[in-house]
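Please find one structure pasted underneath; my questions will follow.
The values are calculated or read from the model by the stated rules, or taken from the named source; none is laboratory data. For clarity, every value in this text was computed on a predicted model and none was experimentally measured. Backbone-built Cβ (ideal geometry, glycine too); neighbour counts: all protein chains shown. Heads up: the accessible areas ignore ligands, DNA and RNA and are worked out on the full protein's heavy atoms, side chains in. Shrake-Rupley method; radii C 1.70, N 1.55, O 1.52, S 1.80 Å.
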Amino acid sequence: MARRFYITTPIYYANDRPHIGHAYTTLLADVLARYHRLLGYEVFFLTGTDEHGQKVEQAAAKAGVTPQEHVDVYHLRFKELWEQLGVRYDHFVRTTDAQHKRFVAESMQELFARGEIYERKYEGWYSVGEERFFSDDELVDGKDPVSGNPVEWITERNYFFRMGKYKKQLLDHIERHPNFIQPDFRRNEVLGFLRNELQDLCISRPRARLQWGIPLPFDEEFVTYVWFDALLNYQSAVEGRSFSDGEAVWPADYHIIGKDILTTHAVYWPTMLLALGRPLPRHILAHGWWLSGGRKQSKSRGNVVDPLTYIARHGADTVRYFLMREMVLGQDASFTDELFVTRVNADLANDLGNGIQRVHKLVETHFQSAMPPPVAPGHSLKAGAAELELQAFAEGVLLTFVDQIVNLRLSFALEEVASLVRAVNRYLEHRAPWKLAKGGPDERAQLGSVLFSAAECLRIALSLLYPVMPERSRRGLSMLGVEDEPQESALRWGVLRGGERIVSGQALFPRIEGQAAGPADAAEAAALARTEAAKASQGKSTPAQQPGSTHPAAALEFRVATILSAEPHPNAEALFVLRLGVGTRERTVCAGIRKTYTSEQLVGKHVVLFANLKPAKLRGIESEGMLLAADSGGGPKLVDPGDIPPGSLLEFGSLRAQPKDRATLKDFERVPLEVRGGVVHHGDLPLSFGGVPVRAEGPDGTPVR
Ligand code: MSP
């Protein structure tokens, strides 16, 4: 079988704040992509945003910006969340990308030329609010059945795709490929749908009603129906791309979707491809909904769980684990604070975290931090029954795990790992290494072998969990003396040999006391969590600070921001009015950098914002903060945060940031900043994030402000 894997997520509407439902779909795809990479596959993982259509047009109008401006900002929310969640995609497609628009127009033209698209007059009752037609019998008292608003009789021309004619071919395909639509009950749903007559699909929208779409190449008075545009992303994004063996990336191995968009993916999309004579995707997997309080998460219901709050408090990996472990693929699942706390405390804090901590501590204390070998030198000691049993357990899990993953039984696979970890803890209770440590030479020899067996099992568990918890797994592994990124070769018994140096780390999975999520500002807290994660992964410790004695530098809030737009200030020659993206929020800042930069040079640039500076009106426009720049004589040059992600809270050396609510220019002046060795410093302390310094131009001593 080919060792290549192309996996996609739906492209999300770029008019909304991402929530846990969107996060889940993308994480599921990320985890499956990572498992395939772990198993040695060459992977292409695609995600992106759906940027055309009425919803975007309306949202933009409401915000008083053009649709393009609107999506240019909104798609970033998704990108930022994926970064915070550790999602490693290969490409992010936007339906406003030139390549995509061209691809859609060409595909439409091709269908038109083949007679697969035709024009016809269309009449019906149209509801403006619902943006759709209703038939006579659908109306209730002559009104729109959904909103109860009046409807009007409209006659208009439109273009139709001959979808109906592909019904038989699609049915045959589903019959011949029993795994095409997963899980089985969703496949049956589609078969049920296809028992009825399959209508042709209206694929145009008159420009009079909708402007924001891709024009039909054969009739400029129309734009393309948003789904016809969106579905083609899966192909447009990989047009001309191939894997290293020369095989084209298309067709996709898996389209991962929520059950709400099954018909579009399992009926519209394959029939479009059949009409175009292109290969069909191999599998479509529809997962269930995340419910909260028994209902689908939705903005209008106000029961949306903000993933950022959870990431901020407990780290991305914990959230990733919970989501993957808790949802049986295909079924609905509940997200409640209580479930989150219970699951994380049981599986991660009590079992996995504890097991690793115990073994780590004993190796540190009794073996000078070097993993003991399975059998102590000079001893003819053989593995006892308990050791053999544990090894057999681990080998059993290894044997079934890959199978479970390939068959997408993810939550079950994770349950097996959890049971392996529980077995290690039972084994440790039974062999009581802490008692062996106090015994004579024979017991001491056994101690080494017990710790080895437990460590090897935990190493296997962590390697299997690596795609789900990439960062914590690596930390756990280094606590057991393993530094290499897990690969397929790690998935067997006997990789540890003894002698590995174990690396100290903080508690991997702290127990959650009380509620898991609180009212913390999500974006801020998320950046904080990243700071902590980055620190923890480097094994750095921060000096404890006394309450009430905040260092003046720690009281200032410096964050990485992205410049979204730059307009000249209407009343001040030297100033730009900048729109900044800071994590998931936006701000306006006036900056006196018109002498040194053009607006083209600024847009898209990453900068450092003094974010808790009290807002002030500058020539009539309120400025919410100030950008850091170094000036060695030639005018201000913005400092450069390099690869530090937008939203991140920066710190001075090992000084823990504790920004106050509002800072003044006086507070700022108490913390003189200057360039030293190309890095922004306060005294000896470099301004940085997780060890990555903020750079600035100018010789040593150049002031930064
Ligand atoms: N733009 C279309 C998809 C086009 S794909 C060619 C769209 N976008 S969406 O932003 O509404 O995202 C829908 C997807 O988000 C769902 O299919 C599902 O994957 C995910 N979810 C949204 N809410 C969800 C839950 N409450 N639970 C789980 N996933 C859900 O539809």
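I'd like the residue in segment 406-418 that is assigned to a helix (DSSP H, G or I) and open to solvent by 30 Å² or more (accessible area, probe 1.4 Å) and, out of all such residues, is nearest to R37 (Cα to Cα).
Here the answer is V406.
Six or more apart or on different chains, Cβ atoms under 8 Å: show the pairs whose first residue is in segment 432-447 and surrounded by fewer than 12 Cβ atoms within 10 Å (Cβ to Cβ) and whose second is of a type outside the set (K, R).
Listed by first residue and then by second, the contacts come to K435/E443.
Residues F78, F45: which one is within 14 Å of the ligand (Cβ to nearest atom) and not aliphatic (A, V, I, L, M)?
F78
So that you can scan it fast, the table gives a plain yes or no per residue for (1) in contact with a helix residue (DSSP H, G or I) (Cβ under 8 Å, 6 or more places away or on another chain); (2) outside any helix (DSSP H, G or I); (3) more than 24 Å from P510 (Cβ to Cβ):
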{"residue": "R358", "(1), (2), (3)": "yes, no, no"}
{"residue": "E364", "(1), (2), (3)": "no, no, no"}
{"residue": "L390", "(1), (2), (3)": "yes, no, yes"}
{"residue": "A394", "(1), (2), (3)": "yes, no, yes"}
{"residue": "D403", "(1), (2), (3)": "no, no, yes"}
{"residue": "R422", "(1), (2), (3)": "yes, no, no"}
{"residue": "Q446", "(1), (2), (3)": "yes, no, yes"}
{"residue": "A454", "(1), (2), (3)": "yes, no, no"}
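Turning to a different aspect of this structure: From the list D136, D144, D184, D172, which residue is open to solvent by less than 20 Å² (accessible area, probe 1.4 Å) and without any contact (Cβ under 8 Å) to a residue 60 or more places away in the chain?
D144
For segment 328-363, what are the residues that are of a type in the set (A, V, I, L, M) and in contact with a Pro (Cβ under 6 Å, 6 or more places away or on another chain)?
Selection gives L362 alone.
Taking the condition of being under 23 Å from M108 (Cα atoms) and either touching a Leu at 6+ places or on another chain (Cβ under 9 Å) or part of a helix (DSSP H, G or I) (or both), how many residues in segment 132-175 meet it?
Count: 12.
Of all residues in segment 1-24 being assigned to a helix (DSSP H, G or I) and open to solvent by 10 Å² or more (accessible area, probe 1.4 Å), which is nearest to the ligand (Cβ to nearest atom)?
Checked segment 1-24; the qualifying residue nearest to the ligand (Cβ to nearest atom) is G21.
Quick check: is even one residue across segment 352-369 under 14 Å from Y24 (Cβ atoms) and open to solvent by 40 Å² or more (accessible area, probe 1.4 Å)?
Among the residues of segment 352-369, not one is under 14 Å from Y24 (Cβ atoms) and open to solvent by 40 Å² or more (accessible area, probe 1.4 Å), which makes the answer no.
Still on this structure, I have one more. Hey, among A516, A523, which residue is within 30 Å of V305 (Cα to Cα), modelled with pLDDT under 90, open to solvent by less than 30 Å² (accessible area, probe 1.4 Å) and within 19 Å of the chain's Cα centre (by Cα)?
Being within 30 Å of V305 (Cα to Cα), modelled with pLDDT under 90, open to solvent by less than 30 Å² (accessible area, probe 1.4 Å) and within 19 Å of the chain's Cα centre (by Cα) holds for just one of A516, A523, which is A523.
When you check G64 against the structure, is it without any contact (Cβ under 8 Å) to a residue 12 or more places away in the chain and not β-branched (V, I, T), yes or no?
When the stated conditions are applied, G64 passes them.
Within segment 561-573, does at least one residue satisfy the condition of being at pLDDT below 90, part of a loop (DSSP other than H, G, I, E, B) and touching an Asp or Glu at 6+ places or on another chain (Cβ under 6 Å)?
Within segment 561-573 (the criterion being at pLDDT below 90, part of a loop (DSSP other than H, G, I, E, B) and touching an Asp or Glu at 6+ places or on another chain (Cβ under 6 Å)), the answer is no, since none of the residues qualifies.
Also, quick follow-up: Any residue that is of a type outside the set (G, A, S), open to solvent by 10 Å² or more (accessible area, probe 1.4 Å), under 17 Å from V238 (Cβ atoms) and in contact with a helix residue (DSSP H, G or I) (Cβ under 8 Å, 6 or more places away or on another chain) - is there at least one of those in segment 259-267?
No, the conditions are met nowhere in segment 259-267.
Got a number for residues in segment 240-252 being open to solvent by 10 Å² or more (accessible area, probe 1.4 Å), away from the ligand (no atom under 16 Å from the Cβ) and either in contact (Cβ under 8 Å) with a residue 24 or more places away in the chain or acidic (D, E) (or both)?
Residues that pass the stated criteria total 5.
Quick check: is even one residue across segment 227-237 surrounded by 14 or more Cβ atoms within 10 Å (Cβ to Cβ), away from the ligand (no atom under 16 Å from the Cβ) and not acidic (D, E)?
No, the conditions are met nowhere in segment 227-237.
While we're looking at this one, here's another question. Under 8 Å between Cβ atoms, at least 6 apart or on separate chains: pull out the pairs that start in segment 496-519 with a residue that is under 19 Å from L462 (Cα atoms) and end on any residue that is open to solvent by 80 Å² or more (accessible area, probe 1.4 Å).
Hits for this filter: V503/E483.
Looking at segment 253-280, which of its residues are in contact (Cβ under 8 Å) with a residue 60 or more places away in the chain, outside any helix (DSSP H, G or I) and either within 12 Å of the ligand (Cβ to nearest atom) or closer than 23 Å to E110 by Cβ (or both)?
If the condition is that a residue be in contact (Cβ under 8 Å) with a residue 60 or more places away in the chain, outside any helix (DSSP H, G or I) and either within 12 Å of the ligand (Cβ to nearest atom) or closer than 23 Å to E110 by Cβ (or both), then H255, I256, I257, G258, L280 are the ones that fit.
To continue, here is another question. Does segment 61-75 contain at least one residue that is surrounded by 16 or more Cβ atoms within 10 Å (Cβ to Cβ) and under 17 Å from the mean Cα position of the chain (by Cα)?
Looking for residues that are surrounded by 16 or more Cβ atoms within 10 Å (Cβ to Cβ) and under 17 Å from the mean Cα position of the chain (by Cα), one finds at least one in segment 61-75, hence yes.
Within segment 203-213, identify whether any single residue is in contact with a Pro (Cβ under 7 Å, 6 or more places away or on another chain), at pLDDT 95 or above and within 16 Å of the ligand (Cβ to nearest atom), and answer yes or no.
Looking through segment 203-213, at least one residue is in contact with a Pro (Cβ under 7 Å, 6 or more places away or on another chain), at pLDDT 95 or above and within 16 Å of the ligand (Cβ to nearest atom).
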